[in-house]
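Below you'll find the structure, written out as structure tokens, and then a few comments.
The values are calculated or read from the model by the stated rules, or taken from the named source; none is laboratory data. Here the structure is a predicted model, which is why all the values come from computation and not from measurement. Note: ideal-geometry Cβ built from the backbone for every residue, glycine included; neighbour counts use all protein chains shown. Calculation scope for accessible area: heavy atoms of the full protein, side chains included, ligands and nucleic acids excluded. Shrake-Rupley method; radii C 1.70, N 1.55, O 1.52, S 1.80 Å.
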2 protein chains.
Amino acid sequence: MDKLKHHIFVCSSSRLTGEIKGYCASNEGLEILENFVEEVQDREMDSDVMVTNTGCLGMCSMGPIVIVYPEGTWYGKVSADDVEEIMDALEEGESVERLMI
Amino acid sequence: MDKLKHHIFVCSSSRLTGEIKGYCASNEGLEILENFVEEVQDREMDSDVMVTNTGCLGMCSMGPIVIVYPEGTWYGKVSADDVEEIMDALEEGESVERLMI
């Protein structure tokens, strides 16, 4: 398949048991995910960018966590309001320094 | 933080509702995940390689799906028995051609 330009992973604390709990899920994780999906659609980047929810990324104290690959950029303490800025940076081939961990 | 050498994402069909269903979850997705975690530990690659479960990756007909970043290698129709071969390839900087999509 064609490689994605960017694959955005958002921690939703998804557990294999299905139980909905965990730091990121409880702190806007789902809103962050929704905002990324909306931003990607609004910017018509659907064919180049995928957004995927994940289980725990092991850095709960820095959550909510967002990772962008293939860049390997980890963002911490992300809020739903930060999503637009992250997407702006992504479009310009940059990162949001203040959120990087 | 230090960048990981490899980040392995395994579809576990994790839904935001917590409901446990979906192609990958029903077809060894969880065994595949467990096997990756065990292989990484057995090979003492814990500090370089992370394994994370994900929600649906949108290619259910090719599932179970495994992705390795930053390489951006997508594997499809992966079985629990394929994990050792994928890890062998990863250690050698190679991919398992027969599973690539």
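Data table
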{"quantity": "Qualifying residues in region B:1-28 (those that are small (Gly, Ala, Ser) and more than 9 Å from chain A (Cβ to nearest Cβ)) - the one most open to solvent (accessible area, probe 1.4 Å)", "calculated": "B:Ser26"}
{"quantity": "Residue within region A:49-67 that is of a type in the set (A, V, I, L, M), out of contact with any helix residue (DSSP H, G or I) (no Cβ under 8 Å at 6 or more places or on another chain) and without any contact (Cβ under 8 Å) to a residue 40 or more places away in the chain present", "calculated": "yes"}
